[in-house]
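Below is one structure, written out as structure tokens; comments come after it.
The values are calculated or read from the model by the stated rules, or taken from the named source; none is laboratory data. All values reported here derive from a predicted model rather than from experimental measurement. Cβ placement follows ideal geometry from the backbone for every residue including glycine, while neighbour counts extend to all protein chains displayed. With ligands, DNA and RNA removed, areas are computed over all heavy atoms of the protein, side chains included. Shrake-Rupley method; radii C 1.70, N 1.55, O 1.52, S 1.80 Å.
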Amino acid sequence: MTVSRRNLLFWGAISGLLAAVLAYFGNPKNMAICIACFVRDVAGSLRLHTAAPVQYFRPEIAGLILGAFLISVITGEFRPTGGSSPATRFVLGFIMVTGALIFLGCPTRMVLRMASGEIAAWIGLVGFIGGVSTGAFFLKKGFTLGRNHETKAQSGYALPIAMAVLTLMAALTAWFTASTTGPGSIHAPFIISFVVALLFGIIAQRTRMCFGGAVRDGVLIRNFDLAMLIGGFFTVMLIYNIATGNFHIVAYGPIAHAQTLWNISGLYVVGFAAVLLGGCPLRQLILAGQGSSDSVVTVLGMLVGAACAHNFSVAASAAAPATAEAAAKAGGPGQAGMTATIVCIVLLFIIAYAGTRKKNSVKTETAANAA
């Protein structure tokens, strides 16, 4: 799937088509396959937070992980690994999803919102590129979270098996909480969501799809192969939105806000964290599916981070126009969200600096011993 840019463009377009299928069958139009939003909804379904409008077990999350798992087993790329700064990865996963919920979407949803004509998403792109560029700067300085190593096979099977069990429970029982209003109540049929995400996960694993990686490679080595994937994804969703009347040039779309500073800052956090982690939220799910315990820890950090963002009023609220019953709402993060965003940026610089200094110290010590 990665032989040529033409192939990557094609598979990016197929991924966009799968996202369009989810939107057509009932997922929110500009949230067809948003990793951060869906992790947040899953956290709500498990009662990790109590925000009633965003509680639903999204089978897309399980489908992505299981799709990556199945295809990696078939192709011999399933490789259980772990041990690369798991505690730091948990914190970075927590930080990354916090930034996404300040923007109200991960990089995947950023592109979906851009394809719908939303100006706020295009402005947010500036922050995402800035965050990725900052992370790339520290990579060039030698940042690393350390090497991973091969682990026992059961550690790689743990998350896929857990997701398969949870998916069956969600499909066959009423044990999970589900929203009756709000974004959590808007979804495609369960089986369609799961199957489409399974296919999406297979493509993402085979093509190494990563929204953060696409920008990182462009900044670091002027390689735009991964950008072809994103270009194909964006183009198909743009065509779909125009064809279905969902394309509108507006300040913000549904379930979004137009607070420029915090759209930029939120995605800055996401881009910076994604580079330090070695992949965006989507990529972390795919790596977790193909056996990386480090990415499993990151995903758990995202799950806990999403829960905390709603339990402690950190997540931004969506803007809303005035109605006969209520005044217009500007949306965006409150004081807690603004503070959390600043804290996240500070923590990212601390983690990046510490990882860089440790790497450079090892180089210096090695050179001294050699002398």
List the chymotrypsin sites (Phe, Trp or Tyr not before Pro) within the range 182-226 that fall in a DSSP loop (any state other than H, G, I, E or B) and whose Cβ has at most 16 other Cβ atoms within 10 Å.
F224
Averaged per residue, what accessible surface does the range 64-160 expose to a 1.4 Å probe, in Å²?
37
Net charge around L303, counting only other residues with Cβ within less than 14 Å of its Cβ (Lys, Arg = +1; Asp, Glu = -1)?
+3
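Please compute the alpha carbon radius of gyration of the range 215-371, then divide it by the globular-protein estimate 2.2 N^0.38 Å. Two decimals is fine.
Here the answer is 1.35, to two decimals.
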Mean accessible surface per residue for the range 277-327, computed with a 1.4 Å probe while every protein chain stays in place, in Å²
33
Using a 1.4 Å probe on the protein heavy atoms only, what accessible surface does K152 show? Give it in Å² to the nearest 10.
140
What's the longest bit of the chain with no exposed GluC sites (Glu not before Pro), using DSSP loop states and at most 15 other Cβ atoms within 10 Å as the test?
78-324
Taking N as the number of residues in the range 227-315, the ratio of its alpha carbon radius of gyration to 2.2 N^0.38 Å works out to 1.34
Can you pull a Stokes-Einstein diffusion coefficient for the chain at 10 °C (1.306 mPa s), Rh from Kirkwood over Cα pairs, as a whole number of µm²/s?
78
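Among the helices of the chain (complete DSSP H runs), which have Cα atoms covering no less than 30 Å along the helix axis and a Kyte-Doolittle mean of at least -0.5?
119-140, 335-370
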Taking 7 Å along the Cα-to-C-beta vector as the label spot, tell me the Y157-A320 distance in nanometres, rounded to one decimal.
4.8
The set of cysteines in the chain having no other cysteine's C-beta under 4.7 Å reads C106, C210, C280, C308, C344
Protein accessible area in the chain, 1.4 Å probe - carbon and sulfur %:
68
By average C-beta atoms within 10 angstrom, highest first, the peptides 174-181, 12-19, 254-261:
12-19, 254-261, 174-181
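Working out 0.36 nm times the residue gap between A328 and K140, then minus their Cα-Cα distance, what length gain in nm do you get to one decimal?
On the way: separation 188, 0.36 × 188 = 67.68 nm, distance 4.59 nm.
Once the chain is fully extended between A328 and K140, it gains 63.1 nm.
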Packing-ranked peptide list from 273-281, 158-166, highest mean Cβ count within 10 angstrom first, is 273-281, 158-166
